[in-house]
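Comments concern the structure below.
The numbers here are math on the coordinates, done by the rules we state, and not lab data. From a predicted model like this one, the values you see are computed outputs, not experimental measurements. Note: ideal-geometry Cβ built from the backbone for every residue, glycine included; neighbour counts use all protein chains shown.
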Amino acid sequence: MESKIWNLQLCAIAVTLTWCGYLLKIVSSDPGINPLSEGCSKYNVTSSSNFNNNLSQAFRELRTKLRTNKGKNFATAQQLSGADPVYAMAQCRRYMSTADCIACFTAASAQVRNCSAASGGRVVYDGCFVRS
């Protein structure tokens, strides 16, 4: 009789552990960094160093706003110094956590920087959208 109770307890523990593992997969984070679309402006900047400084400052501002506007998952920024101003925007899906939104923004903003001398670019991931 004791062995039947022991077997039932082991079975209950196994079912519980399996169920907990399933639940952990459901609530795991997903920054949504699967690329859907990207593009670069057909126009080039006048001064790449000035533009890159403006772009870096705009992206820092976007990151700060995304982090502090918890739950909003949307931010805009502009840097107007010099001949190559930067207007930037980032938006994440509404259901994303702030951490996942920041992770998606980080990946997308790095991809936008691949536009080299172009005066802007856009990247659409399944979790976020970044434009500069």
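Some points to look at:
- Full-extension gain in nm, A83 to Y95, via 0.36 nm per residue minus C-alpha separation: 0.5 nm
- Relative contact order of region 35-115, taken over Cα pairs closer than 8 Å and 6 or more residues apart, is 29 percent.
- Taking K42, K65 and counting other C-beta atoms within 10 Å, the order from fewest to most: K42, K65
- Under 5 Å, built H, 5+ apart or other chain: amide partners of S119: S41, Y43, N44, V45
- Descending principal axes extents, region 34-131, alpha-carbon based, whole Å: 39, 26, 13
- Simple label model, 7 Å out from Cα along Cβ direction - T46 to N69, nm: 2.9
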